[in-house]
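Every number here is computed from the coordinates shown, using simple stated rules; none is lab data. Bear in mind that the values here come from a model prediction, so they are computed numbers and not experimental data. For neighbour counting, all protein chains shown are included, and Cβ atoms are generated from backbone atoms with ideal geometry for every residue, glycine included.
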Amino acid sequence: MSSGNPSNRLVVIERAPSNVVAGPNAGVLCAIKNDRVGLALWWRKLCPGLAKAASDMLAGSTFSCSAVGEPRLAVQELLRAVPLQAAVLGSDIERLANLFSELGGSSVIRLRLEHGRLQTLRELQLDATRLRMLCTYAGPGIEWQDGQGTVRRMPEGHVAFLKGTRWLADDKDALVLHRSPTPANSRYTKDGWLLLCIDQPNLN
């Protein structure tokens, strides 16, 4: 796995309002601790082997598997539940789980890895959580709304830390509306997506 330069579609994020911080290194995720930041976005590009393995999984059956516990144990439990070919994602999932645990200040986390089909258009919303991490390994990424009301989409491999309504801060205006990808705007309508979600179960 390696970080990479942002795609052309996301360069405009550099001019986004102060509640969105993005960059090509994992360190940018630390910005989520700032009360004025609602979305921290790490631009990265999956290594070819990982990207191909994730893409190949879209041809298989849908699934949704979850696990709760300390990062290492939760990852082990998750990998026992998901299809065998998903095991190649293990080291990357563990890295992201550790990042989330550290930045979120939570020793117990919840992991969910799912291969789902795209649904009908959903409303932009806020999560009823304190903090959530989202990463689409294959298929269309999460859509989010910038300060000008434009809906943008995360490319595959990029990592988002999003504050939810239970984040304890005075400035709720910093929160960023988001939703699952829209089928009408995706070439993946048939195959769906492979999504990793990490949050804090004791606060949901």
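Descriptive notes on the structure:
- Nearest-0.05 FRET efficiency for residue 70 and residue 117, computed from C-beta distance (R0 25 Å): 0.20
- Relative contact order [Cα under 8 Å, 6+ residues apart], region 46-203, whole percent: 30
- Remark: region 68-79, residue by residue, has Karplus-estimated 3J(HN,Hα) of 10, x, 5, x, 5, 5, 5, 5, 4, 5, 4, 5 Hz, where x stands for each Gly or Pro and the curve is 6.51 cos²θ - 1.76 cosθ + 1.60 at θ = phi - 60°.
- Projected area averaged over orientations for region 46-203, convex hull of C-alpha atoms, nm²: 9.1
- Distant-in-sequence amide contacts of residue 45, defined by a placed amide H-H separation under 5 Å and a gap of 5 or more residues or a different chain, comprise 2, 3, 4.
- Listed residues 108, 125, 139: farthest to the positive end of the dipole of region 46-203 (Cβ charges): 139
- Each label was represented as a point 7 Å from its Cα along the Cα-to-Cβ direction; for residue 77 and residue 56 these points are 2.9 nm apart.
- Whole-Hz ³J(HN,Hα) from phi, Karplus 6.51 cos²θ - 1.76 cosθ + 1.60, for region 40-57, glycine and proline x: 10, 10, 9, 6, 8, 10, 5, 5, x, x, 5, 5, 5, 4, 5, 5, 4, 5
- Per-pair calculated FRET efficiency, R0 = 25 Å: residue 128 and residue 18 via Cβ, rounded to 0.05: 0.55
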